[in-house]
Amino acid sequence: MALKKKPVTGMKDILPAEMAIRDYVIRLIKETYGTFGFSSIETPCVEHIENLSSKQGGENEKLIFKILKRGEKLKLETAECEADLVDGGLRYDLTLPLSRYYSNHANELPSPFKALQMGNVWRADRPQRGRYRQFMQCDIDILGEPTNLAEIELILATTTLLGKLDFKNFTIRINDRRILKAMAAYSGFAPESYDTVFIILDKMDKIGLEGVREELEKEGFDKACVDKYLAMFEEITNDVQGVRYVKEKLEGVLDPEYADGLELIMNSVDAVKAADFKIAFDPTLVRGMSYYTGPIFEISMDEFGGSVGGGGRYDEMIGKFTGNNTCACGFSIGFERIIMLLMERGFQVPQIGTKKALLIEKNMPAEGMMKVLKQAEEDRKNGSVVTIAVMKKNKKFQKEQLKEEGYEEIVEFFADRM
């Protein structure tokens, strides 16, 4: 049987043109985030199955690529349940591995610790535009910083990067999980029903206010509660005034400090931002991960028609490993979606130095070959990108291909002219 040449469903081969853009963006990410004081780290792609299945990853826990035990530990004939067969899995995000990493190395790291982590993650998801089963994630996190300086720096670093990639007019949507809960409590929903309410609320941008009302009532929630809840969304504006409205409306239910913190984040980011974007209060923003404990945010881009990144505060996750909660906040950009948008707009990687192609005649004598190699070495020392190739029969097509690859100067070398 012939071997299969196509990649596994949901994964892809990356051609040189895309790889050049990916490499450029990775370099720019490291350079930009480095100027904000973030340090690169790396964690294994395989995690303990107990960690991955700890109820921290929300819906992603249903999408784990699980790994069978190896060697003598794998006993298929006596296995009675999954736990007898599986002890690890491929990571589905970078946040849980970071929390394990920090809990293991906290004594060796500064506080606060500003981490930059890039790497592939795996989810057994349904592939679609901009969504794969293996994909690169890029996270920045600040661990050990209790104040809203963490959120401010994360948003400024991420938006500075997007500005350098010439993204404009995007929106940072921001909310706070504690505001979400306070709005539900004020409306009369029972705490055990919050998750159901928030799952429905998260559909607001797709089904609208009346669609949310219909679904809440279908779930059997009291009409008076639903009416009281949705009336607030009709009154709240998406600016700082909206945050102040919530603070006043939820007096006695919401700690005013949480609304003040959100206002501080919005005003600070707006005052010093280096890119062209808006920051907007969005009380319908939920973010599905159960580990968020405070402010949450997402990047919305009209040209994509959805989110291309997000994050928030998760002050309780590290405590699951250590027994002591550690303040933590992170922001992840949708690396694959950013690359897809750059390619769709025909993005060209900025060139540093000239790209030269040296074409040598077939059967070039050794002495002539040495001269060409020395010429290439000299050109590289002077900052040029140089490739050497043997002339093909269809030299015209060969030159066209080289020009498409960005080679501006093509020099031909013939044996009788060396």
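The values are calculated or read from the model by the stated rules, or taken from the named source; none is laboratory data. Here the structure is a predicted model, which is why all the values come from computation and not from measurement. A quick note on method: Cβ atoms are made from the backbone with ideal geometry, for glycine too, and the neighbour counts reach across all protein chains shown. Side chains are part of the model used for accessible areas, which takes the heavy atoms of the whole protein and leaves out ligands, DNA and RNA. Shrake-Rupley method; radii C 1.70, N 1.55, O 1.52, S 1.80 Å.
Our estimate of slack between E235 and L85, defined as 0.36 nm per intervening residue step minus the Cα-Cα distance, is 48.6 nm. The local environment of F135, defined by Cβ-Cβ distances under 10 Å, has a net charge of +3 under the rule Lys, Arg +1 and Asp, Glu -1. For the residue pairs K69/K203; K30/K320; K114/K355; K181/K320; K374/K396; K62/K181, the C-alpha atoms sit more than 28 angstrom apart in K69/K203; K30/K320; K114/K355. Among beta bridges from DSSP that stay inside the chain, the antiparallel ones total about 65%. The angle between the Cα long axis of helix 16-35 and the longest principal axis of the Cα atoms of the chain comes to about 60 degrees, rounded to the nearest 10. Restricting the range 76-164 to trypsin sites (Lys or Arg not before Pro) that sit in a DSSP loop and have at most 14 other Cβ atoms within 10 Å of their own Cβ leaves R129. Accessible area ranking (1.4 Å probe, heavy atoms, ligands and nucleic acids excluded), largest first, for E378, E61: E378, E61. Taking a ≥ b ≥ c as the square roots of the eigenvalues of the Cα gyration tensor, the range 210-265 is prolate, since a/c reaches 1.5 or more and a/b is larger than b/c.
Once you order the gyration tensor axes a ≥ b ≥ c over the Cα atoms, which shape class does the range 249-317 get: rounded for a/c under 1.5, otherwise prolate or oblate by comparing a/b with b/c? Oblate. Taking Cβ atoms as reference points and 12 Å as the exclusive limit, the residues near G406 contribute a net charge of -1, counting Lys and Arg as +1 and Asp and Glu as -1.
Heavy-atom accessible area for F221, with the other protein chains in place and a 1.4 Å probe, reaches approximately 40 Å².
Of the residues E248, E316, ranked by 1.4 Å probe accessible area with the largest first, the sequence reads E248, E316.
To the nearest ten degrees, helix 240-249 and the longest principal axis of the Cα atoms of the chain are 30 degrees apart. Between V272 and K164, the contour length at 0.36 nm per residue exceeds the alpha carbon distance by 37.3 nm. Each label point was placed 7 Å from the Cα along the Cα-to-Cβ direction; for V390 and E377 their separation is 2.3 nm.
The angle between the Cα long axis of helix 256-272 and the longest principal axis of the Cα atoms of the chain comes to about 30 degrees, rounded to the nearest 10. Given axes a ≥ b ≥ c from the Cα gyration tensor, I'd like to know whether the range 108-167 is rounded (a/c under 1.5), prolate (a/b larger than b/c) or oblate. In terms of gyration-tensor shape, oblate.
The H on the amide N of R133, modeled in the peptide plane, is under 5 Å from the matching H of M11, each at least 5 residues off or on a different chain. Heavy atoms of the protein chains alone define the surface here; on that basis the chain has 53 Å² accessible area per residue at 1.4 Å probe size.
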